[in-house]
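Scroll down for the structure; my scribbles are underneath it.
The values are calculated or read from the model by the stated rules, or taken from the named source; none is laboratory data. In this text the structure is predicted, and so the values were computed from the model without any measurement. Positions of Cβ are generated from backbone atoms using ideal geometry, with glycine treated the same way; all protein chains shown enter the neighbour counts. Quick note on the areas: whole protein, heavy atoms, side chains included, nothing else; ligands and nucleic acids left out. Shrake-Rupley method; radii C 1.70, N 1.55, O 1.52, S 1.80 Å.
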Amino acid sequence: MAAIAIVIVSHSKQLALGVRELAAQMVQGQVAIAVAAGMEDSENPLGTDPIQVYEAIASVFSDDGVLVLMDLGSALLSAEMAIEFLPEAQQEKVYLCEAPLVEGAIAAVVAAAAGRDIHEVMAEARGALLAKATQLGVVSSQLSVGSPITTNIEAPTREIRLIVSNRLGLHARPAAQFVATAARFQSQILMRNLTRNTELVRGDSINQVTTLGVRQGHELVITATGSDADEALTALQTLFANNFGEDNLALNSPPAFHHEVTPATYGEFSGIAASGGVAIAPVVHYQPTHISITEYHVDDPDVEWQRLQAAIYTARQEIQAVFSQASLQIGDAEAAIFDAQLLFLEDPVLLEAAYGRILDNHINAEAAWQAVVDEVVTSYHTLEDSYLQERVDNVVDVGQRVLRLLVGNAPANLHLESPGILVATDLTPSDTARLDPTKVLGICTTSGSATSHSAIIARTLGIPAVLGVDAQVLHLVDGTMMALDGESGKVWVEPGSDILDLLAAKQSAWQIAQEEAQATAHQPAITRDRRQVSVFANIGSINDVQVAVASGAEGVGLLRTEFLYLDRTSAPTEEEQLLVYQAIAEVLDNRPLIIRTLDVGGDKPLPYLTVGLREANPFLGWRGIRFCLDRPELFKTQLRAILRAGVGHQIKIMLPMIATLTEVRAAKVILGEVQGELNQAGISFDAAMKVGIMVEVPSAVAIADRLAAEVDFFSIGTNDLTQYIMASDRTNPRVANLVDALHPAVLRMVQQTIQAAHTAGISVGLCGELAADTLATPILLGLGLDELSVNPQSIARVKQAIARLNIVESEAIAASALQQDSAEHVRELISTSVIPLA
């Protein structure tokens, strides 16, 4: 808790308690706030009591200072008298401040929570009075809520330039990560898109960052000015180096089979195919309540600003609830959409603009909020990039949520009493995430696009959807029978028996395929000639493991532990790690869990571990096991936690980025030291825990026979291995086409690794993106892999693909693939094979 305390003195107890509640919300209880207000007289409750003020000051007294804020009249006299009751030494540390009660209290607690001294806190409180006086024309000031960017010329400024490599640039989710990271540092972060020749914008503004229109391949310059400039830039560089956690694959791509709207017959409409599947059900209209805003003059802008802040606070709570639910229903990746909405509500540029409109124009909160949201919407529409233009749905969504709270409307009811097809003008991401797929059998809207966040969520939920349909559908009566095909983008109103028969057959086939996939997902993956292949999940959080088990994972083939080290200023402790590993193992319920030790370094730096690290070629630098061996205490902490978590669970250790025998042996020595320390301390651990390595470096393939004698299992990481074999960076568009794991050169390396492992009698899996490509499944099985580890969403179709294969035919395809000239020829070979593929 901050050392400086605040005392609020007012004639009205209700007013004082309201101010305290508002101020406390600003700092989440980090500042002690006491209240001395009103009289204990039911007939004359208004007034102030010096003894009550004295008691309030004494209850929160701090040697760092107590700031007393008063409303008017006798409040000042009571406060002055109360100070006289204090010991003389304490009197010197109590400051009476003339700042306005509401604005002053908010400014003071924020400054106190930030660690400012008493004089700085008083200055912040008085600044609120100066702002009000300026608005009233009492004084002249350069104070401006929407002031231009300024920097401290005495503070050090650092600069980095980088090329954006993730596939969709800084869309909502990575922009949100950027802003959240920038906000963690004291330094002022500014950014400019050199490719588009934009102006510098503030790095702590979600909308300014997003409207830079940053796409893949754009060059950015990021500057940081302040004492922690180097750390800030290192942290931001980490985000870009890690592609903001995105894998650069298609992001839940829309169906590719419908590219244009075709003419419709009578009773038939054509639209955009946004989410596959067939739905036949009655129409249920959804029309969100229209929020009509009237601008009017207000006498007290402070009250309007407080109303807006209260609405934003409630909106934040609602969105957090949506985010939590969406994480469970659609997964962390898609739920991250709502992270961007939370940052929108915290955007200082947006809030300052709304604050300025209320105070400058003396207008109501609704009108001010609507105006600033409209400005942001307009700025999105002016972007050249269509994908970023479509991200405006998030802005509208969160803007409408705050307006609804301001006017007091109840949330829209999206609960369908009976199954139906939802017909609407549009659906916001929040609307879509709340849908129940057992009741909402299909979605038909007159606007939207296949790449909108709402469409992405619909696909994740498995709800067929056709968007951009003729507005005539809005005039249909509820209960009208409708059919839609999310694959072709067609909608039929009161379809005839011929259409119904065709769609019913298609729907039946689709449902059977889905049921088969799901049934297969929770059964062992066994080929037609009875060879079993383990299908595990790649995960990076506790939420991921729940999704993995629900999706049919037989274990976890790769737990990326980096998530434990991110978004913090120091490494996680042994106990913190232990709790997480145990929690994941409990969810797995005795299924295998392979934990990869920390894989950071030059290409994936952590600010508090790799400060000042600059490498010309980080992919070939200080990373993976090299980093851990140079940081033995950090490495030991993680090993201790993993070994302890292994008690009663099937946990294995996997070492990343192994290139030499020396590295494996050095890691095993450290592991032995940790086991000895745990033994000596009498702490239980799994003494027989198996140790394996990631095979992702060509040198490891070359000496795979020697490495196999040192470890218990291999896991092939084809993502990095492919880049190293082909000497190509997949983030570089000029050579990215070479980075193809189906290239015969890569496949031969995979074969060599598998043969070395099996000769030594150890198992071998594959955890790269290639494992989830069902086109590659026959080759991988034909080469002899024991295990495939994929993202949870791919488990069902990978198991289904395995069930359709037999090993003899797969071995023949694999042998032929190794003799091809290129990855293209390998694909042609598979597509013309007689094996039925998923």
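Table: residues versus (1) of a type in the set (Phe, Trp, Tyr); (2) open to solvent by less than 50 Å² (accessible area, probe 1.4 Å); (3) in contact with a Phe, Trp or Tyr (Cβ under 7 Å, 6 or more places away or on another chain); (4) within 20 Å of Ala125 (Cα to Cα).
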position	(1), (2), (3), (4)
Ala24	no, yes, no, yes
Met39	no, no, no, no
Ser59	no, no, no, no
Glu84	no, no, no, no
Gln90	no, no, yes, no
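When you look at Val711, is it of a type in the set (Val, Ile, Thr), closer than 24 Å to Gly768 by Cβ and either open to solvent by less than 10 Å² (accessible area, probe 1.4 Å) or over 30 Å from the mean Cα position of the chain (by Cα) (or both), yes or no? Taking the combined requirement at face value, the residue satisfies it.
Residues that are more than 21 Å from Val395 (Cα to Cα), open to solvent by 10 Å² or more (accessible area, probe 1.4 Å), in contact (Cβ under 8 Å) with a residue 40 or more places away in the chain and of a type in the set (D, E, K, R): does the range 465-483 have at least one? Yes, the conditions are met somewhere in the range 465-483. Return the total of residues in the range 505-550 being within 10 Å of Ile795 (Cβ to Cβ) and in a loop (DSSP other than H, G, I, E, B). Summing the residues that are within 10 Å of Ile795 (Cβ to Cβ) and in a loop (DSSP other than H, G, I, E, B) in the range 505-550 gives 1. Report whether or not Val121 is β-branched (Val, Ile, Thr), at pLDDT 75 or above and in contact with a Gly (Cβ under 8 Å, 6 or more places away or on another chain). For Val121, the condition - β-branched (Val, Ile, Thr), at pLDDT 75 or above and in contact with a Gly (Cβ under 8 Å, 6 or more places away or on another chain) - is met. A Cβ distance below 8 Å, combined with a sequence gap of six or more or placement on separate chains, defines the contacts here; from the range 178-191, residues that are farther than 12 Å from Gln237 by Cβ reach residues that are of a type in the set (S, T, N, Q) and open to solvent by less than 10 Å² (accessible area, probe 1.4 Å) in the pairs Val179/Ser205. Note on the range 584-617: residues that are open to solvent by less than 40 Å² (accessible area, probe 1.4 Å), at pLDDT 65 or above and within 16 Å of Phe240 (Cβ to Cβ) amount to 1. One residue stands out in the range 778-816 among those that are in a helix (DSSP H, G or I) and of a type in the set (Ser, Thr, Tyr): the one that is most open to solvent (accessible area, probe 1.4 Å), namely Ser816. Of all residues in the range 155-176 being of a type in the set (Lys, Arg) and at pLDDT below 75, which is least open to solvent (accessible area, probe 1.4 Å)? Per the criteria, the residue is Arg173. One residue stands out in the range 726-759 among those that are of a type in the set (A, V, I, L, M) and modelled with pLDDT of 95 or more: the one that is nearest to Asp821 (Cα to Cα), namely Ala745.
Being open to solvent by 50 Å² or more (accessible area, probe 1.4 Å) and in a loop (DSSP other than H, G, I, E, B) is a property that holds for Gln819.
Here is a yes/no grid of residues against (1) aliphatic (A, V, I, L, M); (2) within 26 Å of Leu785 (Cβ to Cβ); (3) within 19 Å of the chain's Cα centre (by Cα); (4) modelled with pLDDT of 95 or more:
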{"residue": "Ala509", "(1), (2), (3), (4)": "yes, no, no, no"}
{"residue": "Thr520", "(1), (2), (3), (4)": "no, yes, no, no"}
{"residue": "Pro524", "(1), (2), (3), (4)": "no, yes, no, no"}
{"residue": "Ile542", "(1), (2), (3), (4)": "yes, no, yes, no"}
{"residue": "Ser551", "(1), (2), (3), (4)": "no, yes, no, no"}
{"residue": "Glu554", "(1), (2), (3), (4)": "no, yes, no, yes"}
{"residue": "Arg568", "(1), (2), (3), (4)": "no, no, yes, no"}
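Beta carbons closer than 8 Å, at least 6 apart along the sequence or on distinct chains, pair a first residue in the range 492-516 that is open to solvent by 50 Å² or more (accessible area, probe 1.4 Å) with a second that is assigned to a helix (DSSP H, G or I) for Glu516/Gln800. For the range 69-81, state whether one or more residues are assigned to a helix (DSSP H, G or I), modelled with pLDDT of 80 or more, acidic (Asp, Glu) and open to solvent by 60 Å² or more (accessible area, probe 1.4 Å). Scanning the range 69-81 turns up at least one residue that is assigned to a helix (DSSP H, G or I), modelled with pLDDT of 80 or more, acidic (Asp, Glu) and open to solvent by 60 Å² or more (accessible area, probe 1.4 Å).
Against the list (1) touching a Pro at 6+ places or on another chain (Cβ under 7 Å); (2) modelled with pLDDT of 90 or more; (3) hydroxyl-bearing (Ser, Thr, Tyr), the condition Thr445 fails is (1).
For Gly137, the conditions (1) surrounded by fewer than 17 Cβ atoms within 10 Å (Cβ to Cβ); (2) in a loop (DSSP other than H, G, I, E, B); (3) at pLDDT 80 or above are fulfilled apart from (3). When the range 644-680 is limited to residues that are in a helix (DSSP H, G or I) and touching a strand residue (DSSP E or B) at 6+ places or on another chain (Cβ under 8 Å), the one that is most open to solvent (accessible area, probe 1.4 Å) turns out to be Lys668.
The numbered conditions (1) within 26 Å of Ile693 (Cβ to Cβ); (2) at pLDDT 90 or above are all true for Pro778 except (1).
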